[in-house]
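Q: Here you go, one structure.
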Amino acid sequence: YQTDETLPSFAKESLGKKFQIKYCKADDNGPGRHILKNAKVIASADLLFVSVRRRAFTSKTMGLIRKHIVDGKPVLGIRTSSHAFALRKETLTKGHETWDEWDKEIIGGNYDGHHGGGKACRVDRFPSDTDHPILKDLKFPFETTASLYRNSPLPAKSVPLLRGTIEGFPSEPVAWTHRSPSGGKVFYTSLGHVEDFKKPAFNRLLLNAINWCLKKK
């Protein structure tokens with residue numbers, strides 16, 4: 001979803017100089033897609049912002065990610081990060097790791113594919129929660145061209161915030177909060193298509209989520 005372009009643009013326009021940002025990237029294709037460059041900065045990160053799809057990084061990199069979570073630090077994931085570390089038709093390379101339970105354990109999701117593209121999806125508030133700070137100053141409803149992910153039912157400890165609806169199908173949760181096993185804050189949204197970044201409501205959602213993740217008692 002070209003987040004190597006959309007996320008830096010979002011950071012420049014919405015975060016400004018308030019945050020210190022470090023980027024870790026992997027190649028799009030080939031063996032390098034499982035090598036996360038600059039991963040060492042994860043060790044000092046206050047928030048881990050994840051946009052990853054089906055990668056198996058080195059054990060050293062995965063160890064940094066696991067330690068971040070064990071230390072109770074927050075995680076924010078968008079779109080394909082629900083299946084960030086689950087391979088599908090690839091052989092695991094020696095010295096690399098997958099994390100098949102990442103979705104349920106950390107993200108607090110239940111990813112089961114999607115409805116396919118080309119179907120207009122209406123996004124609005126989840127009926128059970130209208131006052132969460134992540135939803136502050138967001139204008140609803142808005143539409144997304146992104147295919148609607150199937151995540152129902154969410155694990156009991158996840159708190160749904162937004163739902164997506166396409167005609168002829170039940171609504172699906174598209175944004176929620178969760179807590180990692182170590183108690184760290186987690187926010188996830190299945191939104192994150194290139195077109196979503198052109199919508200003020202989505203950019204505000206990410207900004208609010210970042211602030212919520214980093215806010216301490």
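Q: Given a 1.4 Å probe, how much area per residue of the chain is accessible, in Å²?
A: Solvent-accessible surface per residue comes out at 53 Å².
Q: From the helices alone, meaning DSSP H stretches of at least four residues, give me the mean residue ellipticity at 222 nm for the chain, per-run term -39500 (n - 2.57), in deg cm²/dmol to the nearest 500.
A: Details: 3 runs with 35 residues, N = 217.
Using -39500 (n - 2.57) per qualifying helix, the result is -5000 deg cm²/dmol.
Q: How large is the charge dipole for the chain, taken about the Cα centre, if only the Cβ atoms of Lys, Arg (+1) and Asp, Glu (-1) carry charge, to the nearest 20 debye? Show your work: numbers first, answer last.
A: Details: 36 positive and 23 negative charges, 147 e Å.
The calculated dipole for the chain is roughly 700 debye.
Q: I would also like to ask the following. Please give the helix 200-214 orientation as an angle from the longest Cα principal axis of the chain, in degrees from 0 to 90, rounded to the nearest 10.
A: Roughly 50 degrees between the two axes.
Q: Inverting the mean 1/r over all pairs of different Cα atoms, compute the Kirkwood radius of the chain and quote it in Å. Walk me through the intermediate numbers first.
A: Numbers: mean 1/r = 0.0567 Å⁻¹.
It works out to 17.6 Å.
Q: Sticking with this one: Among 144-154, 28-38, how do they line up by average Cβ neighbours within 10 Å per residue, starting with the highest?
A: Details: 144-154: 19.1, 28-38: 12.9.
The peptides rank, most packed first, as 144-154, 28-38.
Q: On to the next question. Quick check on the chain: of the DSSP beta bridges with both residues there, what percent are antiparallel, nearest 5%? Spell out each step's value before the answer.
A: Values: 20 of 27 bridges.
So the antiparallel bridges amount to about 75 percent of the total.
Q: Let me ask something additional. Hand me the chymotrypsin sites (Phe, Trp or Tyr not before Pro) from the range 1-91 located in a DSSP loop with no more than 15 other Cβ atoms within 10 Å, in residue order please. Walk me through the intermediate numbers first.
A: Values: sites: Y1, F10, F19, Y23, F49, F57, F85; in loops: Y1, F19, Y23, F57, F85.
Hits after loop and neighbour filter: F19, Y23.
Q: Over the range 94-202, what is the mean sequence separation of C-alpha contacts under 8 Å (at least six apart), divided by residue count, expressed as relative contact order in percent? Intermediate results must be reported in sequence, preceding the final value.
A: Working: 204 pairs, mean separation 31.2, N = 109.
Value for the range 94-202: 29 percent.
Q: Need one value: the accessible area of K136 in square angstrom, 1.4 angstrom probe, rounded to the nearest 10.
A: 130
Q: Oh, and also: With labels modelled as points extended 7 Å from the Cα through the Cβ direction, what inter-label distance (nm, one decimal) is found for A43 paired with L214?
A: So the two model labels end up 2.2 nm from each other.
Q: Seen from all sides and averaged, what is the projected area of the convex hull of the Cα atoms in the range 1-96, in nm²? Intermediate results must be reported in sequence, preceding the final value.
A: Details: hull surface 25.6 nm².
The orientation-averaged projected area of the Cα hull of the range 1-96 comes to 6.4 nm².
Q: Any chance you could count the Lys pairs in the range 1-119 whose alpha carbons are under 15 Å apart, treating pairs 8 or more apart or on different chains as valid?
A: 9
Q: Further, regarding this structure: How much of the accessible area of the chain, probe 1.4 Å, is carbon plus sulfur, in whole percent? Display every interim value, and only then the final one.
A: Numbers: 5850 of 11520 Å².
Carbon and sulfur atoms account for 51 percent of the accessible area of the chain.
Q: Please work out how much accessible surface L64 shows to a 1.4 Å probe, ignoring ligands, DNA and RNA, in Å² rounded to 10.
A: Roughly 40 Å² of L64 is accessible to a 1.4 Å probe.
Q: Taking a ≥ b ≥ c as the square roots of the eigenvalues of the Cα gyration tensor of the range 133-217, is the shape rounded (a/c under 1.5), prolate (a/b larger than b/c) or oblate? Don't jump to the answer; show the numbers that get you there.
A: Details: a/c = 2.19, a/b = 1.24, b/c = 1.76.
In terms of gyration-tensor shape, oblate.
Q: Using DSSP to call loops (not H, G, I, E or B), can you name the trypsin sites (Lys or Arg not before Pro) in the range 92-121 whose Cβ has at most 12 other Cβ atoms within 10 angstrom?
A: Details: sites: K94, K104, K119; in loops: K94, K119.
Filter output for the range 92-121: K94.
Q: Now, a different point. Measure nothing fancy, just the Cα-based angle from helix 59-70's long axis to the longest principal axis of the chain, in degrees from 0 to 90, nearest 10.
A: It is inclined by approximately 50 degrees.
The values are calculated or read from the model by the stated rules, or taken from the named source; none is laboratory data. The model shown is predicted, which means the values in this text are computed figures rather than measured ones. All Cβ positions, glycine included, derive from the backbone under ideal geometry; neighbour counts span all protein chains shown. Note: accessible area is taken over every heavy atom of the protein model, side chains too, but ligands, DNA and RNA are not part of it. Shrake-Rupley method; radii C 1.70, N 1.55, O 1.52, S 1.80 Å.
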